[in-house]
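Working notes for the structure below.
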Amino acid sequence: MRPIRLLCRAVLLLVVLSAGSMASSQIVLGQIGPFTGPLAADATGLNQGIKAYLAQANKAGGIRGQKLTLFEADDRFSGEGFAEQFPKAMEKKPLALISPMGSAAIKRMLDDKLLDTAPVVVVNGVPGAESLRTPGHPKFFHVRAGDKQEIEEIVNHAQTLGMSKLATLYQDLPTGTSGMTMVQEAVKTVPGGKIQLNAVKSGPDAAALAAAARQIAAQGVQGVLVIGPPPFIVDGIAALRKADVTQPLFVLSYVSVAQIVKVVGVAGARGVGIAQAFPDPNDKMLPVQREFQAAMKEAFPQMQEYTEFQLEGYLSARTVGEALKHPKNTGLSAANLAATLSTMGEIDIGGFHLDFSKGNAGSRYVNIGVIGRDGQVYY
């Protein structure tokens, strides 16, 4: 009987060691995001881009001989949901979390100091509000340009178009009010003359937006910048068009073209300028665009067109990969990943540049895309 017991113990030990070896042969990444609610499509787009990069990297042999894996968790587009999912996610021992989404979720992460003790790095986050970046956290690295850079580019673009009188429709919450402050600062620094700015604050309900839109329609402005979370932006565009505001409208990069067209139609969306924090996902000029499209085609062969959020997810995950492969990285840990990102200098991902050596905001890339008469965005 004793030899049989020893044999069973040996087999059990072999199974345990084998399981441990399998666990250590994987680099685990996670995404806690709003997979239900108004931003579900955007969270899914980020997820698809992340998965496309992971498949691309794994096909090339992984990183340091280890495969990359991803898990998802739904925070229901709420800070409470994010706080609930975070400890559950940590049980899976992720090296990094990719692109949490929503002001409430990111604010809860920072306010609750969830990153102070958790052995994890967060790479990218949506939105890029300055209130979520300053002071931020040393383990929270931003791949997208912030609201400040987007607003400055919009104001400069408006000035280039000869506009001298702008209105801002902004939501009465921290993201909107902080954005409004940045618009006021950007207007003061416009070269070649001043821009008159009219600010209109609104709640997100239909009646408040309708009243705010009528107020803007009576001001005779040449353009309107709408600031707030995606649902507010889309509903704000609809209210402005309903109030016969036909002038160009400008929005930040959080809202997708598909969302706008779905709510206001192609005619209402025409002429809306959208700040873009990443290159055109459907162009082929930069190597990263071609590499992204090749990865998406391999992972999702049924897709013909790609979205900005898919490219954002791809670039966010690839930022992790580039850091893990870098000679400065001395091991697969969150501490080493954070140290590598902070010290590796410029990261050139096929023409898209990041640099975290001067702070945790790595990119200043902003472009302006305009929705055309066919409902497509043109850069």
Inset, instruction - Just name one of GLN31, THR181, VAL155: the one whose Cα is farthest towards the positive end of the charge dipole of the chain (beta-carbon charges, Lys/Arg +1, Asp/Glu -1). - result: GLN31
Inset, instruction - Please report, in Å, the Rg and the Dmax of the stretch 233-347, where both are computed over Cα atoms only. - result: 18.8, 59
Legend entry - Listed residues ALA323, GLY362, GLY273: farthest to the positive end of the dipole of the chain (Cβ charges): ALA323
Legend entry - Tilt relative to the chain, helix 287-299 - C-alpha long axis, 0 to 90 degrees, to 10: 60
Legend entry - the chain, relative contact order [Cα under 8 Å, separation at least 6], %: 19
Legend entry - Given charges at beta-carbon only (K, R positive; D, E negative), |dipole| of the stretch 94-175 in Debye: 120
Legend entry - Largest-first principal axis extents of the Cα set of the chain (Å): 93, 41, 41
Inset, instruction - Return one number: the angle in degrees, 0 to 90 and rounded to the nearest 10, between the long axis of the Cα atoms of helix 206-217 and the longest principal axis of the Cα atoms of the chain. - result: 50
Inset, instruction - State which entries of LYS93/LYS139; LYS148/LYS284; LYS201/LYS262; LYS262/LYS284; LYS113/LYS139; LYS67/LYS88 exceed 18 angstrom in Cα-Cα distance in the structure shown. - result: LYS148/LYS284; LYS201/LYS262; LYS262/LYS284; LYS67/LYS88
Legend entry - Summed residue charge, Cβ within 11 Å of ASP348's Cβ, Lys/Arg positive, Asp/Glu negative: -3
Legend entry - Residue-count net charge about ALA267 - beta-carbon cut-off 9 Å; Lys, Arg +1, Asp, Glu -1: +3
Legend entry - P(r) histogram, all alpha-carbon pairs of the stretch 112-183 included - 5 Å bins from 0, percent: 3, 14, 21, 20, 15, 12, 7, 4, 3, 1, 0
Inset, instruction - Search the structure for amide H atoms under 5 Å from the amide H of LEU70, placed 1.01 Å from N in the peptide plane, and list their residues when 5 or more places away or on another chain. - result: LEU29
Inset, instruction - Relative to the longest principal axis of the C-alpha atoms of the chain, give the angle of the C-alpha long axis of helix 308-325, reported between 0 and 90° and rounded to the nearest 10°. - result: 40
Inset, instruction - Express the carbon and sulfur contribution to the solvent-accessible surface of the stretch 172-249 as a percent, rounded to the nearest whole number, probe 1.4 angstrom. - result: 54
Legend entry - Cut-off under 5 Å, modelled amide H: who pairs with SER357 long-range: GLY345
Inset, instruction - Provide the packing ranking of 107-119, 28-40, 206-218, i.e. peptides ordered by the mean count of other C-beta atoms within 10 Å per residue, highest first. - result: 28-40, 206-218, 107-119
Inset, instruction - Let me know the charge dipole size of the chain about its Cα centre in debye, to the nearest 20, where only the beta-carbon of Lys, Arg (+1) and Asp, Glu (-1) is charged. - result: 900
Legend entry - Binned Cα-Cα distance frequencies in the stretch 205-269 - 10 Å width, integer %: 23, 60, 17
Inset, instruction - Give, rounded to the nearest 20 debye, the magnitude of the charge dipole that the stretch 151-206 has about its Cα centre when Lys and Arg contribute +1 at Cβ and Asp and Glu contribute -1 at Cβ. - result: 240
Legend entry - Rounded accessible area per residue of the chain, 1.4 Å, Å²: 44
Inset, instruction - Hey, can you grab everything whose amide H is under 5 Å from the amide H of LYS165? Only 5+ residues off in sequence or another chain; H modelled, so Pro and N-termini drop out. - result: GLN196, GLN222
Legend entry - Within the chain, percent of DSSP bridges classed antiparallel, to nearest 5: 25
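The values are calculated or read from the model by the stated rules, or taken from the named source; none is laboratory data. Computed from a predicted model, the values in this text were never measured in an experiment. With ideal geometry, Cβ positions are generated from the backbone for all residues, glycine too; neighbour counts draw on all protein chains shown. In case anyone asks, the SASA skips ligands and DNA or RNA and just uses the protein heavy atoms, side chains included. Shrake-Rupley method; radii C 1.70, N 1.55, O 1.52, S 1.80 Å.
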